[in-house]
Structure formats: C-alpha cells, structure tokens
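Since the structure comes first, as structure tokens, the remarks are kept for the end.
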Amino acid sequence: MKILVTGSAGHLGEALMRTLQSGGREAIGIDARPSPFTHAVGSIADRAFVAGCMAGVGAVLHTATLHKPHVATHSRQAFVDTNITGTLNLLEAAAAAGVGAFVFTSTTSAFGRALTPAPDQPAAWITEDVPPLPKNIYGVTKIAAEGLCELVQRQQGLPCIVLRTSRFFPEDDDRAQTRADYFDANAKVNEFLHRRVDIEDVVDAHLLAIERAPAIGFGRYIISATSPFRPDELAALRRDAPAVAAAHVPEYEAEYRHRGWKMFPGIDRVYVNARAREELGWRPRHDFRSVVARLRAGDDHRSALAQAIGAKGYHATTFTDGPYPVAP
C-alpha cells in the first residue's frame, strides 16, 4: 500500500518517512519545501497539486500545517489556506480516489483556554471529552480541520482518524521564563509527566491509526506520554508537583539533584491517553519513568529517532529574543 505523507520536511513528516522506508513500505512525501524525504514539492492549498499526488495512494498521513510558532509571523489567511483549505483539498482528493484511511495530525493546543484553570483551582484533567476553547488562529484552524475530517467521513465514507498530539518538538521552550528557570532538557523531561510525547510513539500512533481507521470510521485521540497521575491528585499536583511526582517515581529526585535539575513547582494540566490505548491499541514506550531510567543509565533522554531528526526550527529567520516571536 502506498502511503502519502504530507509535511515530509517537518519533524513528524520526516519521522514517518524514515520509519516507513526503513520498514520497506512505499511512502511518498510531499511538502512546500524540498528535503531528502520529499518527493514532490508544492502547496496543499493547490487542488491540482494535491490531486496529482493522490494517484494510487492507499492511506494519507496528513502532518503538514502552519504551527503555533507561526502565529506571530504569518497572517490568519495563511493559516486558513494551509490548515483548512489544504486539509479540505486532501480530504476531497482522498475520498475521490478511494483512499482507505486518512490520519490527520492535530494538536492538544486546540484545547486552548481549557488547559489553564484559575490559579486556585486543581490541574485540568484533559480527555477527548473536554470542549476545546482555542485561543489563537492555530487552534481555530486545527479544530476546523478536525471538523472537516468528521464531515467527509460521515458524508463520503472516508475513514478518518484525528490525533491530537502533545509536545514533541526539540526546540527551546517558547516561554522566556521557562528558558530562564530550567535547563532545556530538564523542562522537557518534566513535561513527560503531563504534556509531552516522544516522536517514536507519535509515529506508532499514526501507523496504528491507518490500520484501525476502517473499523473505527471516525475517531479523535489524545497522543501524549502516559501520565502516572490520577484525578484525585489534581489539587495536590497544582500545589506541590515535586511531591506528587516523587510518590510515583521516587528515583527521579536523586537523579535531578545529581544534574542540578528541578521539578516544576506546580502542574496545570494532565493529558489523558486512555482512549488511544484502548481503541487504537497504542502502547507508548516513553514516559517519565522510562526517561528517568535512561538518564540514570547515562543515556540521552530522547529516543534514537528523535536524536536522528534533531531540531529543524520553524522559521528561516533567527530571532534574538527566543526561538520564535510570541503573539500577544
């Protein structure tokens, strides 16, 4: 089966292409930028380009997008063109071509304002049932694209799976305070407790989604590392995250002291991946406990695939005040 991967020059697109090719599977990468994993260069907003790429395709992995880091540098119309029009073009071309599965990479950022409860409230327990409250054009367009996936599945029968992925980018944190307070690896390892996922596990979820899509029809899933926390710990987690983390993974404390690292004082949300594990059969290999074990063994906190891909950045321009400008 030929698999079309959009955004093949990006982090996830490259990861999917590497994995598919190493497994001997036929994969065609498309992107607006050339790369070693891109077979056709063009815009998904171009209907003719998209239709031409769909010939003989059995499944689509749609990762191409304008991301949150582009909010301050790209117009709202550019987000609509890529994230909504581009997705619609792909969906309609896939349906017309009789594609067997369409997997759309969405984002936990789409939950928006639902992710940050008031300071005196417990951490938010984020499942797929939490209504999204997008707070920028990125979130708005990703939610709209999810809706298009559901509409095309219902009206034209194209099996569609939406995967809301949490953080897996290797670039520095966008918050200046986080960059000032934590070593980069320290902050990222902390996030495996509640809002980060390794790219190896993201790839696994996408490939499972291809297999399960025909039986599911339409489904929406959070893809994030399995958190050790429980709903009854959410108030304590907001007040004293180090103590709650230590109750589950006590070995982290000595390793952090050795490295001069520290845990976040409080955690405001927990992404719950139970539905993906149950319905997709997804078994993420990387979580806070396993990452700490790698650190204790003297290994890198990143998977081999994450290390091979490295950091790509989101802009051709270098910014002096952070990895990318943050919209007000």
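Quick notes on this structure:
- The single condition among (1) in contact (Cβ under 8 Å) with a residue 12 or more places away in the chain; (2) out of contact with any Ser or Thr (no Cβ under 8 Å at 6 or more places or on another chain) that A124 does not satisfy is (2).
- Given (1) under 19 Å from the mean Cα position of the chain (by Cα); (2) under 27 Å from G112 (Cα atoms), number of the condition M263 does not satisfy: (1)
- Within the stretch 147-165, being assigned to a helix (DSSP H, G or I) and not polar (S, T, N, Q) holds for G147, L148, C149, E150, L151, V152, R154.
- Which listed residue, of T107, T87, is surrounded by fewer than 24 Cβ atoms within 10 Å (Cβ to Cβ), of a type in the set (S, T, N, Q) and modelled with pLDDT of 95 or more: T107
- So D198, is it surrounded by fewer than 19 Cβ atoms within 10 Å (Cβ to Cβ) and either closer than 21 Å to L115 by Cβ or not aliphatic (A, V, I, L, M) (or both): no
- Test: residue in the stretch 45-60 that is touching a Leu at 6+ places or on another chain (Cβ under 7 Å) and within 15 Å of K142 (Cα to Cα): no
- Residue ID - farthest from L61 (Cα to Cα), chosen from residues in the stretch 201-225 that are surrounded by fewer than 22 Cβ atoms within 10 Å (Cβ to Cβ) and β-branched (V, I, T): I216
- Check on A247, modelled with pLDDT of 95 or more and closer than 30 Å to M17 by Cβ: no
- Any hit, the stretch 305-328, residues being at pLDDT 95 or above, surrounded by 12 or more Cβ atoms within 10 Å (Cβ to Cβ) and of a type in the set (S, T, Y): no
- Any hit, the stretch 174-194, residues being β-branched (V, I, T), crowded, with 19+ Cβ neighbours inside 10 Å, part of a helix (DSSP H, G or I) and at pLDDT 95 or above: yes
- Selection within the stretch 110-124: residues that are within 16 Å of the chain's Cα centre (by Cα) and outside any strand (DSSP E or B). The member of this set that is surrounded by the fewest Cβ atoms within 10 Å (Cβ to Cβ) is L115.
- Flag if W261 is surrounded by 16 or more Cβ atoms within 10 Å (Cβ to Cβ) and under 14 Å from A187 (Cβ atoms): yes
- Qualifying residue in the stretch 125-146 (condition: out of contact with any Cys (no Cβ under 7 Å at 6 or more places or on another chain), under 20 Å from F229 (Cα atoms) and not in a loop (DSSP other than H, G, I, E, B)): yes
- Taking the criterion of being surrounded by fewer than 16 Cβ atoms within 10 Å (Cβ to Cβ) and of a type in the set (K, R), the residues of the stretch 278-293 that qualify are R283, R285.
- Pairs with Cβ under 8 Å, 6+ apart, first in the stretch 295-312 and free of Cβ contacts under 8 Å to residues at least 40 places away in the same chain, second part of a loop (DSSP other than H, G, I, E, B): Q307/D300
The values are calculated or read from the model by the stated rules, or taken from the named source; none is laboratory data. Because the structure is predicted, anything quoted here is derived from the model rather than measured. Glycine also receives a Cβ, built like all others from the backbone with ideal geometry; neighbour counts cover every protein chain displayed.
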